[in-house]
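Worksheet: one structure, shown below.
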Amino acid sequence: QGLLGARAQDLVKGKRGKPTPGRAFVPPDRSPDRLIEFAAPEDIGRAYGRVAGDINPIHIHALAAKAFGFPKAIAHGTWTAARALAAVSDLLPEPGPQAVHHTIAFVRPVFLPAKLTLVAWQQGDQVWWQVQSGPNGKTVHVRGEASYG
């Protein structure tokens, strides 16, 4: 089950309990439509955990995270994804009767504190995005796509 336990594993399992293969992340072959830098402060795990009701030692403090094999506390993946979705929601057309569908892939943990960059591309009714860090954005943490219908 790994360090994150069964709960995290359940998020990526299909109907028969086997991991669901990820879809290829293929944004348009052009410059992004949106580039936003934002911070993940050292205390975001505690703040988000209180709001979400997800108090987990790996998100609370570096010492607690080290006990689970992480060098520092990590941001909740759901916080990172929600932050990204909020930043790209206006790239989608005005909502109609269809639901918004989104797919999110958690790639690497965000070690706190962090300086992150959201990169997004919009084409028609579809938006592709990723949260990255490091020199030249080489480390991808979370990626996703959102569309109608």
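Every number here is computed from the coordinates shown, using simple stated rules; none is lab data. Just so it is clear, the structure is predicted and the values come from calculations on it, not from any experiment. Heads up, the Cβs are rebuilt from the backbone with ideal geometry, glycines too, and the neighbour counts pull from every protein chain shown.
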ask   = When ranked by the protection proxy of mean other Cβ atoms within 10 Å per residue, highest first, what sequence do the peptides 117-124, 77-84, 47-54 form?
value = 77-84, 117-124, 47-54
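Lys and Arg at +1, Asp and Glu at -1: add these up for the other residues within a Cβ distance under 11 Å of residue 64 and post the number.
Numbers: positive: 46, 66, 72; negative: none.
Local charge sum for residue 64: +3.
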ask   = Can you list the aspartates and glutamates whose alpha carbon is less than 13 Å from that of residue 72, not counting same-chain residues fewer than 8 positions off?
value = 42, 43
ask   = Which of the listed residues, 134, 48, 146, is farthest toward the dipole's positive end in the range 39-147, when Lys, Arg count +1 and Asp, Glu count -1 at the beta-carbon?
value = 134
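Fully extended, how many nm does the chain gain between residue 90 and residue 138 (0.36 nm per residue separation, minus their Cα-Cα distance)?
In short, 14.7 nm is gained.
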message = If packing is taken as the average number of other Cβ atoms within 10 Å across a peptide's residues, how do 64-73, 125-134 rank, most packed first?
response = 125-134, 64-73
task = Can you pull the one-decimal nm distance between simple spin-label points at residue 60 and residue 98, each 7 Å off the Cα toward Cβ?
result = 4.4
query = With θ set to phi - 60° and the Karplus curve 6.51 cos²θ - 1.76 cosθ + 1.60, what are the ³J(HN,Hα) couplings of the range 123-129 in order, to the nearest whole Hz, using x for Gly and Pro?
reply = 8, x, 8, 10, 10, 10, 8
key: Loop trypsin sites (Lys or Arg not before Pro), the range 89-149 (other Cβ atoms within 10 Å of the site Cβ: 12 or fewer; DSSP)   = 138
